[in-house]
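Note sheet for the following structure.
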Amino acid sequence: MDALYEAEARKRVWIRATLVRLDLPGGSCFLTDGGFVIWNGDTYYGRHPTLGLFSSVSGLTSGIANQTTRVDVRILPKNLSALSLLNGATIQGCRVRVWRGAVDFQTGEIVGEPTERFDGEVDLPKLQIGMEWGCTLECGTQSARQLEPNADWRQNHAFHVLRWPDEMGLLKVSGVTKAVRSTEWRT
């Protein structure tokens, strides 16, 4: 029994790790939930030099029925420029990917291949101000977008100008807002 106990005690210890990749307009940022990890040639930081401290990821569950996965990525910005980057309008729609894996405690390397748990986009950044600044990036998937009602994609002037910017749109057409359509433009 002592030999088995000793063999078990000599096994390497693994620590669970969460890896997050944010593809921001200025370049990609790589975050992890502790220290730093190198994976696929990219360095994932717990305290990112530009953004600040990575706090948590919540909501990593599988959607059921007509629900889809939504995650919240929480970051504690290091300064006002990081805060403005995380809460700017350009962050909406940026790709977000989350992996779960394990890190060898002795070597600091990723064990095996992490499992991708989420691939989506930033839906809404939320700012929290209190004892500490915080920014929560609410993220959704393309599947979630397909389940949204399409009222804003119906025949209207704003959508027409968005799709065909050189045209006058529906400026000289009356009664468009009262038109009843059963078929949306987006399918």
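Starting from the Cα of Ile38, step 7 Å along the direction of its Cβ; do the same at Lys126; then give the gap between the two resulting points in nm.
3.8
Using θ = phi - 60° and the Karplus form 6.51 cos²θ - 1.76 cosθ + 1.60, what ³J(HN,Hα) does each residue of the range 113-120 get, whole Hz, x for Gly and Pro?
Ordered by residue, 3J(HN,Hα) equals 10, x, 8, 6, 9, 7, 9, x Hz.
Pull up all non-local amide H partners of Asp33: gap of 5 or more, or a different chain, and H-to-H distance under 5 Å with H placed in the peptide plane.
Thr18
If packing is taken as the average count of other Cβ atoms within 10 Å, what order do 124-130, 80-86 fall into, highest mean first?
80-86, 124-130
What length, rounded to one decimal in nm, is gained on full extension from Arg74 through to Asn87, with 0.36 nm per residue of separation minus their alpha-carbon distance?
3.5 nm
Can you work out D for the range 2-146 in µm² s⁻¹ from Stokes-Einstein, where Rh is the Kirkwood radius over C-alpha pairs, the temperature is 10 °C and the viscosity is 1.306 mPa s?
Here the translational diffusion coefficient equals 97 µm²/s.
Quick note: the coordinates plus some simple rules give every number you see, no bench work behind them. Everything quoted here is computed from the prediction, not taken from an experiment. With ideal geometry, Cβ positions are generated from the backbone for all residues, glycine too; neighbour counts draw on all protein chains shown.
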